[in-house]
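Contents: one structure, followed by commentary.
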Amino acid sequence: MMTEDGTLLQVSDLKKHFPIYSQGVFRRQAVNYVRAVDGVSFTIKRGEVLGLVGESGCGKTTTGRVILRALKPTGGEVLFQDRDKGEVDLARLDRAELRDIWRNIQLIFQDPYSSLNPRMTLEQIVGEPLHNYDILHGGALHDRVAELLRLVGLRPEYMSRYPHAFSGGQRQRIGIARALALNPQMIICDEPVSALDVSIQAQILNLLQDLQAQFQLTYLFISHDLSVVRHLSDRVAVMYVGKIVEIADTEELFNSIRHPYSEALLSSAPTPDPRAKRKHIPLKGEVPDPANPPSGCYFHPRCQYVKDRCKVETPPLRETTPGHWAACHFSEALSLGV
Amino acid sequence: MQNVLLEVKDLHVNFFLTEGTVRAVNGVSFEIERGKTLGVVGESGCGKSVTARAILNMVRPPGRILSGEINYYGYSDAPVNLIALDPEGSEIRRIRWGEIAMIFQEPMTSLSPVHTIGNQMTEAICLHLNMPKDEALRYSIELLERVGLPQPGRLLNHYRHELSGGMRQRVMIAMALSCKPKLLIADEPTTAVDVTTQAQVLNLMRDLQQEFGMAILYITHDLGVVAEMADKVVVMYLGEEVEGADVDTIYYNPAHPYTRALLRSIPRHDIRLDRLETIEGNVPDPTNIPKGCAFHPRCHYYVPAQCVHPPYQQIGDGHWVRCTRAHEIGQQSSQTEQVL
Amino acid sequence: MDSIESKGQPIKAEVEGALPVALGAGIEDEKIAVASPRQLMWWKFRKHRVAVASAVVLVIFYLLALFADFLTFYDPNAYNSDFKFVPPQSITFIDAEGNFSLRPGVSGLISKRDPETLRITYETDPTRWYPIHFFVKGYSYKLLGLIETDVHLFGLDPAVAEEMVYCPLGSDRLGRDMLARVLHGARISLSIGLFSVFLSLALGIFLGGISGYYGGLIDNIIQRVIEFLRSIPDLPLWMALSAALPPDWSQELRYFGITIILSIIGWTRLAREVRGRFLALRTEDFVLSARLCGAKDHRIILRHMVPSFTSHIIASLTLSIPGIILAETGLSFLGLGLRQPVISWGVLLQEAQNIRTVALAPWLLLPGLAVVITVLTFNFLGDGLRDAADPFNR
């Protein structure tokens, strides 16, 4: 795919298959695989926000976890331009090497409740990376944590409190402060606002935007919510059953859709405008089981434009117009849009 | 009053907890018209679900309905006050199933794990419609077909865990429709499902509403869904209504600072926004609701002297607002811009 | 796979979601905000009145057992053929002359033999009165096993030992003081529960931890072994094992033998629990986040995982003590556990095995009452601890 200068992360043919075991008495045997991530390729430039959007079970969260190496990939390559080490393939690192990489790639979790250890104070939580990497101690650590808390809009006086004293939005700020502690190059945001109330979502989205500008951060922004993705991302990738079906610059993608699934997704999203007259493209049936995906194009059983070719031939992700990639045989022939 | 199906008058529901008393619903009044959809919007803890439960007299301890009236005009012109009925009595039971049906956010909990879908459906139908078993079975299949489930005959032999979230919600809708209710209360029915499934369920509900002519009380936090579904909207904040009007007014001419801020704080997939406006602070703890106007600590328009606890007053045709400064704010906005 | 994906709001019902975090936020905000989890647990535990009361009762029981020789006057194994089956004696403040006395005392006893049953019965004789003295000298013992002394909290004047006894809980068929025997029995019965549970804990944490942390084949083998052990009926297994203990073992060895036998089943439950917690915690977001923050394995286990389940383990330990106490009592009652002259509640209950004895000397069942109270209080305490173990309601 694209490999211009300024690429920070290049993911090629990334795969993550989870085995399904048959249950024996002592030995388990894999009888099938859930193809959670099935050949995903994309690049992220320095300072860019790439939105990764899809419905539950499409593999977007797994993609994030595999890039971060919280999970070991089944195959593929993840080239990362590390600040300290130069180009490294994250997919091939061992545990000790990964520890160094995590100084430069961090994660913001979806659930602000389970991602903070309830038995630690804010100072211990936010200071954990600084402590573990032996960067700061004592008073210096205290000052840095205070600085980080101010940065995310929390009062430093809260440092000795435990997470249970905070609301969901405040906890998410704590998680963000922790992710920022080591000055990472890239942050993977895994549905960071989907567990929050409407009025709190905006605060967190704005905070993420501000921090990105201030520290030239690169985000992989994972979400099921098209509006959130559109708001924050420079480019958007749409995932369906473990594959990327479309990827393009945000405005390009939202204005000239090239894949029937993206079209259905966009048409399904409710618009907060009672006067909006929008085309509804109801999808038939259910998302296929990633352990037994359909033949050919995975979307063909639900696609209203399906042709015979779609049932046998898997469409590759190809560049239909410059910078706009879609995995549909008939991208150019169809006139899609909402 | 001809068209009113259900009228909620000055409803108060408290939850008595060891940590203190939560005024979950604090003087809420609204009307639902026959065949129309009323959307109730609010964030978590605003009391919208409790209101829905209070309508069916289903508030359980530590919650208690303190006062208010819920008048149901479905039988005749003489209203029945649902709150006055015995919550376990036969009349409310008949109403709960036959007149007012309810579907919930998580259909998983409303379906029994140990009985097949068919068993549960036919049993309920036999019981409430006095149908013989084979007829009930045929009717179940018809209903499942109507809500767009494929192969309904086979589906009857499935258990709840074998269905996807969207399918479960359809089963719930099918069961809710079996007695052709005059009012369907939908409490966040699509919050746990994906957007494409949500679109399917919303389409289905709209179609069924046309077909059966039932009214819908749609409870959600999602301003997009409300815009698509509702004819009228009530916005709630901390147990109170802050604004109520027809859907167009709410979105194009909102008068309450909370409604305005909420609308400007949501990201959009249909237009590009540079920056979201935010509502400062957090939703206050419901045991400790701010004095005076409950929204004042987060309000841009707060003026200490003016914002004592405001009444819920009418400022336009069917447009009600709980804000003492609504008139000024409304003028400001009509001069400057439409909100979006 | 994408884990829990809820949209918008947390899936919890609205009312629950609206509940204040932990214990009444808003009332003592700052105090609660900075309260450590341990404090929160304590606050939550404190609300559980029955559990607190049970904890107090248990502490008293253990203290009584610890100071058994100081608190009682008679050697629990000393025979007294003159005073068999003495019923519990009450104290009186009226002396032999019928005057009120500040010092408590006991009236004399007249023994009579029932002409039909040939049983000895006792009647009080108010004309004789023996004052109870405090800090009297009696048989010598080592207080807490350290300090050699012969002072006892209360007792009769050693000079009248020949003509009178004072047994607050009566005496048994050999004239041994029941109070002394119950309190000394508590030492064994209460300690065997603790030791056995700690042995189970050591085994359980070690094997459960290995099972949960490494998984795979080791996990499989350990799980199958546990399943096998759990499928054997407890009582026959214990009986077989204790019958297999060499009869020439000393009392101490036998005690440890029984402890080990009781832990053989006990550890399986704990190992399962520990393994379950490990497996659940491994997938918790905060454990992943600790890894991403550069925490090494030992820090993740010791700083993040173990503190998250110790409270649960303590609660389930507490709940498994009664089972062991009951098991020891049962075994000893059947004569398969501990034997005379070792005193445990089970051994004491052996004395109450026949109906005649129970009918004529119901006070011999007092060790049974002690067992019931102990088991109940451990259960209540365990319930309270379990409820308090997770003070963060979400």
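Laid out as a table, the results:
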read-out: Residue list for the stretch B:236-260, restricted to those being at the interface with chain A (Cβ under 7 Å from one of its Cβ atoms) and either over 18 Å from residue A:271 (Cβ atoms) or surrounded by fewer than 17 Cβ atoms within 10 Å (Cβ to Cβ) (or both); value: B:248
read-out: Breaking point among (1) open to solvent by 40 Å² or more (accessible area, probe 1.4 Å); (2) more than 9 Å from every other protein chain (Cβ to nearest Cβ); (3) not acidic (Asp, Glu), for residue A:173; value: (1)
read-out: Test: residue in the stretch B:210-232 that is closer than 30 Å to residue B:23 by Cα and in contact with a His (Cβ under 9 Å, 6 or more places away or on another chain); value: yes
read-out: Every pair of residues 6+ apart whose Cβ atoms lie under 6 Å, when the first sits in the stretch B:1-26 and is assigned to a loop (DSSP other than H, G, I, E, B) while the second is among the basic types (Lys, Arg); value: B:3/B:34
read-out: Candidates A:331, A:262 - the one that is touching a Lys or Arg at 6+ places or on another chain (Cβ under 8 Å) and more than 8 Å from every other protein chain (Cβ to nearest Cβ); value: A:331
read-out: Those helices (runs of 4 or more DSSP H) lying entirely in the stretch C:271-383 with at least 1 residues crowded, with 19+ Cβ neighbours inside 10 Å; value: C:285-292, C:306-333, C:345-350
read-out: Long-range neighbours under 7 Å by Cβ, at least six apart or interchain, first residue more than 14 Å from chain C (Cβ to nearest Cβ) and on the phi > 0 side of the Ramachandran plot within the stretch B:286-311, second assigned to a loop (DSSP other than H, G, I, E, B) and open to solvent by 40 Å² or more (accessible area, probe 1.4 Å); value: B:292/B:308; B:292/B:309
read-out: Where residue B:240 falls short, out of the listed (1) out of contact with any Cys (no Cβ under 7 Å at 6 or more places or on another chain); (2) of a type outside the set (A, V, I, L, M, F, W, C); (3) farther than 26 Å from residue B:65 by Cα; value: (3)
read-out: Candidates B:143, B:156, B:149 - the one that is at pLDDT below 85 and touching a Leu at 6+ places or on another chain (Cβ under 8 Å); value: B:149
read-out: Whichever residue in the stretch B:204-225 is more than 8 Å from every other protein chain (Cβ to nearest Cβ) and within 12 Å of the chain's Cα centre (by Cα) and, among such residues, is farthest from residue A:273 (Cα to Cα); value: B:215
read-out: Count of the stretch A:197-207 residues which are under 19 Å from residue A:149 (Cβ atoms), crowded, with 23+ Cβ neighbours inside 10 Å and within 18 Å of the chain's Cα centre (by Cα); value: 1
read-out: Number of positions in the stretch C:122-145 that are hydroxyl-bearing (Ser, Thr, Tyr) and either open to solvent by 70 Å² or more (accessible area, probe 1.4 Å) or not assigned by TED's automatic domain parsing to the domain that holds residue C:156 (or both); value: 3
read-out: Residue tally, condition open to solvent by 10 Å² or more (accessible area, probe 1.4 Å) and over 17 Å from residue A:272 (Cα atoms), over the stretch A:225-234; value: 2
read-out: Residue C:352 being assigned by TED's automatic domain parsing to the domain that holds residue C:243 and over 23 Å from residue C:271 (Cβ atoms); value: yes
read-out: Residue selected from the stretch A:116-138 under the condition free of Cβ contacts under 8 Å to residues at least 40 places away in the same chain and among the polar types (S, T, N, Q), by the criterion farthest from the other protein chains (Cβ to nearest Cβ); value: A:124
read-out: The stretch B:264-276, residues that are more than 7 Å from chain A (Cβ to nearest Cβ) and either touching a residue at least 12 places away in the same chain (Cβ under 8 Å) or among the β-branched types (Val, Ile, Thr) (or both); value: B:264, B:271
read-out: Members of the stretch A:17-58 that are modelled with pLDDT under 85 and polar (S, T, N, Q); value: A:22, A:23, A:29
read-out: Matching residues in the stretch A:276-287 - criterion: being at the interface with chain B (Cβ under 7 Å from one of its Cβ atoms) and either in a helix (DSSP H, G or I) or open to solvent by 50 Å² or more (accessible area, probe 1.4 Å) (or both); value: A:280, A:282, A:286
read-out: The stretch A:113-166 - residue that is part of a helix (DSSP H, G or I) and of a type in the set (Lys, Arg) and, of those, surrounded by the fewest Cβ atoms within 10 Å (Cβ to Cβ); value: A:150
read-out: The one condition in (1) crowded, with 24+ Cβ neighbours inside 10 Å; (2) away from chain C (no Cβ under 11 Å) that residue B:45 fails to fulfil; value: (2)
read-out: Criterion: modelled with pLDDT of 85 or more, open to solvent by less than 30 Å² (accessible area, probe 1.4 Å), more than 14 Å from chain A (Cβ to nearest Cβ) and in contact with a Cys (Cβ under 6 Å, 6 or more places away or on another chain) - qualifying residue of B:101, B:136, B:174; value: B:136
read-out: Subset of the stretch A:89-102 [more than 7 Å from chain C (Cβ to nearest Cβ) and either basic (Lys, Arg) or within 14 Å of residue A:172 (Cβ to Cβ) (or both)]; value: A:92, A:95
read-out: Failed criterion for residue B:307 (all others in (1) open to solvent by less than 30 Å² (accessible area, probe 1.4 Å); (2) within 25 Å of residue A:275 (Cα to Cα) hold); value: (2)
read-out: Qualifying positions in the stretch B:106-127 - within 14 Å of another protein chain (Cβ to nearest Cβ) and either among the aliphatic types (A, V, I, L, M) or touching a helix residue (DSSP H, G or I) at 6+ places or on another chain (Cβ under 8 Å) (or both); value: B:107, B:108, B:110
read-out: Out of B:13, B:8, B:41, B:25, sole residue that is over 25 Å from residue B:229 (Cα atoms) and touching a Ser or Thr at 6+ places or on another chain (Cβ under 8 Å); value: B:13
read-out: When residues of the stretch A:225-254 are limited to those that are out of contact with any helix residue (DSSP H, G or I) (no Cβ under 7 Å at 6 or more places or on another chain) and part of a loop (DSSP other than H, G, I, E, B), the one nearest to the other protein chains (Cβ to nearest Cβ); value: A:225
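The values are calculated or read from the model by the stated rules, or taken from the named source; none is laboratory data. Keep in mind it's a predicted model, so treat the numbers as computed, not measured. When we count neighbours, we look across all protein chains shown, and the Cβ atoms used for this are built from the backbone with ideal geometry, even at glycine. The protein model used for the area step is the full one, side chains on, heavy atoms only, and it has no ligands, DNA or RNA in it. Shrake-Rupley method; radii C 1.70, N 1.55, O 1.52, S 1.80 Å.
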